[in-house]
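Q: Mind having a look at this structure? Questions to follow.
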Amino acid sequence: MWQQLLEDTLTPDKRPALQEAWENTPDPQDRYMMLLEYSSYLRKPEISEKEREERRKQMEPLFKEFGLNSADLEDESEFTGVLICFVVVAAATFVAGLVYYFYMHPDMSHDLTSL
């Protein structure tokens, strides 16, 4: 069954990696769980362009409700890149603020004696 699953669902260049994982799994119960997991994952049908367009049409009212334009979400890679950049800049700013707060705060005893 395992060999048939690999032959039906994967290209020849991807089969050896899964076959090696299968052979390195000694417990029959683990192999069975692996078969179940990969058979459900690998046998998922791909979404056709027609189905994708239907889903977009179904989601259009929700996009409008939240003030989003579905055309803006078409290029997900650009949106993801901007989001990652924002998170990295925010984290760097936060860390810099912590470093400044803990290491650069003025010495109060020195300031009191200068008065």
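Q: Taking a cut-off of 27 Å between Cα atoms, list the lysines near Lys14, but don't count ones fewer than 8 places away on the same chain.
A: Lys44
Q: Would you kindly state how much longer the chain becomes between Asp8 and Lys50 on full extension, computed as 0.36 nm times their sequence separation minus their alpha carbon distance, in nm to one decimal?
A: The Asp8-Lys50 span can extend by a further 12.7 nm.
Q: If you don't mind, another one. Testing the spin-label approximation: label points 7 Å from Cα along Cα→Cβ at Val99 and Tyr41. State their distance in nm.
A: Modelled inter-label distance: 3.9 nm.
Q: I'd like the Karplus ³J(HN,Hα) series for the stretch 52-67: coefficients 6.51, -1.76, 1.60, θ = phi - 60°, whole numbers in Hz, and an x wherever there's a Gly or Pro.
A: For the stretch 52-67, the Karplus-derived couplings read 5, 5, 4, 5, 5, 5, 5, 7, 4, x, 5, 4, 5, 4, 8, x Hz, x marking Gly and Pro.
Here, each number is a calculation from the coordinates, and none is a lab measurement. Predicted model only: the values in this text are computed from it and were never measured. Here the Cβ is made from the backbone with ideal geometry for all residues, glycine too, and neighbour counts use every protein chain on show.
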